[in-house]
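Engineer: Mind looking over this structure? Questions follow.
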Amino acid sequence: RLTITSLDHKERRAPALRQSQRQRSAPGKITSHTLSNGLQLVHRHDPRVPTVYLQAAFQTGLPSETPATNGINRLHSTLLTMGTTSRSSADIAEEIESLGASLRASSGNNTTILSTFCLTPDLRKVLEVASDVLLHPTFPQAALERERETQLADLDDALEDPVKTAFRTLRKQLFGDQHYGLPRLGSEESLMPLTPKLIQQHHQRHITGGNGALALFGDVSRDEAIALCEEFFALLPPGSPPASHQHSATGTGEILSHLDKQQAVLAIGYPGASAVSEDAPALELIHDYLSNMAGPLFTKIREELGLAYFVSATQFHGLGTGLFAFYLGTSPDQLDLARVNLVAEIARLAREGIPDEPLQHSKTSLLAADALENQSNRAMAQTCVINTLLGLGPLHHAESAKRMAALTPADIRKVAARYFGGVEPVIATVLPNA
């Protein structure tokens, strides 16, 4: 009973002319410009579809928190679009949704990002609302109470999750009570004292021109993009980036936790790479190889030996030092044997790296994903704005792809040996209550 109606363009041009038209409509080059307040703007003109994506990124995240303010970035980003001095939360939602546009804020390990999407004719209006959110947020008390309760509920769930518990304790042991050792959700002790005034002070300290970057990708010319961003976002105070980006990971040893669950979880973590490290492409390949269902962790520990419900690897690149971790979930009676085999696979990786054929498969997978991402204005805007914010430059993704393509098995062995060979990790285990 399905009915589908399609109204399609009738081609009238000769093939050569159609090809010429496609070439004229191809995305332009990625360029950069610095606004009068120091805010960096990255732009790509793409006339193929009449839409525009904005990504505004600021360096915040866990390095900007202390044990006393832990969790403030999550609350800050959640409340950012919930009212300004001239607009209520309902006003913002109605203005944006009436245009079929979107406006969202989020926070991560190192950044706070405000994202928008709209049709080209609505760009001025959407940028005006987005700039109002950044310039004049009010962080209403009622919204703060509501979102704090939600964050506390998420925290309670995380405290009962064996995988999240393993990584929370692992990161605290590895990094200590600072930056990446702090849980992103915070704690009840840190969340309860937070007030609109404290969140406003956090906003004023970090949401500045010198501590941020913009990316505007889509159907808008470079000159218009510069003019609009100068008009709306150059009003942010100049500010400056944080004084230090060097956050270390020095902890080692083992941590044991217990939960009222029937599952055992093991996580083994090593200090990872800096976001600006030349080792990042090699570690991306190693991560793809290990987390793949055809990789050695899954095929050996889960498929051949049947020792785990799940097994994989994860990583993040930090400011100074990141994290690379291996983890699995198993039954308590199989934990010891699963651990022996996981440690053996890590040792094999440090000793042998990645065999040539799997390495080529990982390269193909990651480079194909990168090529697909290049077609998306949303994804590319976020990639370029974060790379710009971290000092890597807007074209870093292309340079990283070239370095990845050139890596040899010997290169991978050197990096694997450097990060996992002879390095004492942090080992976090979560077991059922006795």
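Engineer: Report the residue count in the range 223-239 for those that are open to solvent by 30 Å² or more (accessible area, probe 1.4 Å), touching a Leu at 6+ places or on another chain (Cβ under 9 Å) and not aliphatic (A, V, I, L, M).
Structural biologist: Looking only at that region, the number is 4.
Engineer: Sticking with this structure for a sec: Mind listing just one residue for me: the one in the range 351-380 that is open to solvent by 50 Å² or more (accessible area, probe 1.4 Å) and part of a loop (DSSP other than H, G, I, E, B) and, of those, modelled with the highest pLDDT?
Structural biologist: Selected residue: Pro355.
Engineer: Another question about this same structure. Scanning the range 37-61 for residues that are hydrophobic (A, V, I, L, M, F, W, C) and in contact with a Gly (Cβ under 8 Å, 6 or more places away or on another chain), which turns out farthest from Gly181 (Cα to Cα)?
Structural biologist: Selected residue: Val49.
Engineer: In the range 306-336, which residues are open to solvent by 50 Å² or more (accessible area, probe 1.4 Å) and more than 23 Å from His361 (Cβ to Cβ)?
Structural biologist: Tyr309, Pro332, Asp333, Gln334, Asp336
Engineer: I've got another one for you. So, in the range 381-413, of the ones that are under 30 Å from Ala338 (Cα atoms) and surrounded by 14 or more Cβ atoms within 10 Å (Cβ to Cβ), which residue ends up nearest to the chain's Cα centre (by Cα)? Even if it seems obvious, please write down each step before you answer.
Structural biologist: Our first condition is that a residue be under 30 Å from Ala338 (Cα atoms); within the range 381-413, this holds for 409-413.
Among the residues that remain, those that are also surrounded by 14 or more Cβ atoms within 10 Å (Cβ to Cβ) are: 409, 411-413.
Working: Pro409: 28, Asp411: 26, Ile412: 24, Arg413: 27 Å.
Restricting to residues being under 30 Å from Ala338 (Cα atoms) and surrounded by 14 or more Cβ atoms within 10 Å (Cβ to Cβ), the top hit is Ile412.
Engineer: Can you list the helices (runs of 4 or more DSSP H) lying wholly within the range 136-204 that have 2 or more residues being closer than 30 Å to Ser257 by Cα, β-branched (Val, Ile, Thr) and under 23 Å from the mean Cα position of the chain (by Cα)?
Structural biologist: Passing ranges, in order: 162-175.
Engineer: Suppose the filter is assigned to a helix (DSSP H, G or I) and either out of contact with any Phe, Trp or Tyr (no Cβ under 8 Å at 6 or more places or on another chain) or of a type outside the set (Gly, Ala, Ser) (or both); does Leu335 pass it?
Structural biologist: Numbers: assigned to a helix (DSSP H, G or I): yes; either out of contact with any Phe, Trp or Tyr (no Cβ under 8 Å at 6 or more places or on another chain) or of a type outside the set (Gly, Ala, Ser) (or both): yes.
Criteria met by Leu335.
Engineer: Continuing with the same structure: Can you tell me which residues in the range 118-131 are surrounded by fewer than 21 Cβ atoms within 10 Å (Cβ to Cβ) and closer than 13 Å to Phe233 by Cα?
Structural biologist: Result: Arg124, Glu128.
The values are calculated or read from the model by the stated rules, or taken from the named source; none is laboratory data. In this text the structure is predicted, and so the values were computed from the model without any measurement. Neighbour counts are summed over all protein chains in view; Cβ atoms, including those assigned to glycine, are modelled from backbone coordinates with ideal geometry. Please note that ligands, DNA and RNA were not included when accessible areas were found on the heavy atoms of the full protein model with its side chains. Shrake-Rupley method; radii C 1.70, N 1.55, O 1.52, S 1.80 Å.
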